[in-house]
Amino acid sequence: YLTLEQTEKIAKKIYAGEYDNDNTMKQVACYFLIECYSGIRFSDWKSFTIEKLVHEKNLKVRTQKTGAPIYLPLQTFKRLGAIVDYVAESGIKFTLTEQATNRLLKILGKDLKFDIALTTHVGRRTCATLLGEMGYSAYAIGQVLGISEKTAQVYRHATRQGLENEYRN
């Protein structure tokens, strides 16, 4: 999984225009961040359109696996709201295969000197971990990701920030 600081490093490069000359890397970086902040599966990346999935300032996704709706308030999830707004304003549509995406994610991770090989699945685990740090229960994380509570417990990682939140509670 990635830390919040690592996701912000990707976001800074996007917003600074560092991928403006490489549309495929820009697609991958943007949609990977959406996955990190919302937990959508790669299979949902291609169907992601603002008109279809943003409703009354909520990200609305039906997971392919369970068909269950997920609603994430974009005003509460500010980083998610910012990247969704960026994708909307830039008119970025996702068009790549998972194999090509994973190849580009590995390049992105090496370029940013991350100690983990990025894949589309790393985004979902990152989402679970970030939600855990925010105090979400395994049950709630499972609901957001469209997975069982047991799987959510496996997905999320214990982090210093998450443990500090637990101690405070």
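Among the residues of the range 77-135, the ones that are over 19 Å from Lys9 (Cβ atoms), among the polar types (S, T, N, Q) and outside any helix (DSSP H, G or I) come to 2 in all.
Residues checked against (1) among the hydrophobic types (A, V, I, L, M, F, W, C); (2) in contact (Cβ under 8 Å) with a residue 60 or more places away in the chain:
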| position | (1), (2) |
| --- | --- |
| Leu108 | yes, yes |
| Lys113 | no, no |
| Thr126 | no, yes |
| Thr129 | no, yes |
| Tyr136 | no, no |
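When the criteria are applied in full, Ile107 fails the requirement of being among the hydrophobic types (A, V, I, L, M, F, W, C), open to solvent by less than 70 Å² (accessible area, probe 1.4 Å), over 15 Å from the mean Cα position of the chain (by Cα) and at pLDDT 90 or above. Looking only at the range 16-23, decide whether some residue is in a helix (DSSP H, G or I) and among the polar types (S, T, N, Q). Yes - at least one qualifying residue is present in the range 16-23. None of Gly81, Gly91, Gly17, Gly67 is farther than 16 Å from Val122 by Cβ, open to solvent by less than 20 Å² (accessible area, probe 1.4 Å) and either modelled with pLDDT under 95 or not basic (Lys, Arg) (or both) except Gly81. Looking only at residues of the range 30-50 that are part of a loop (DSSP other than H, G, I, E, B) and on the phi < 0 side of the Ramachandran plot, we find that the one that is surrounded by the most Cβ atoms within 10 Å (Cβ to Cβ) is Ile40.
The values are calculated or read from the model by the stated rules, or taken from the named source; none is laboratory data. Bear in mind that the values here come from a model prediction, so they are computed numbers and not experimental data. So basically every Cβ, Gly included, is an ideal-geometry build from the backbone, and we count neighbours across all protein chains shown. Surface areas here come from the heavy atoms of the whole protein model, side chains and all, with no ligands, DNA or RNA. Shrake-Rupley method; radii C 1.70, N 1.55, O 1.52, S 1.80 Å.
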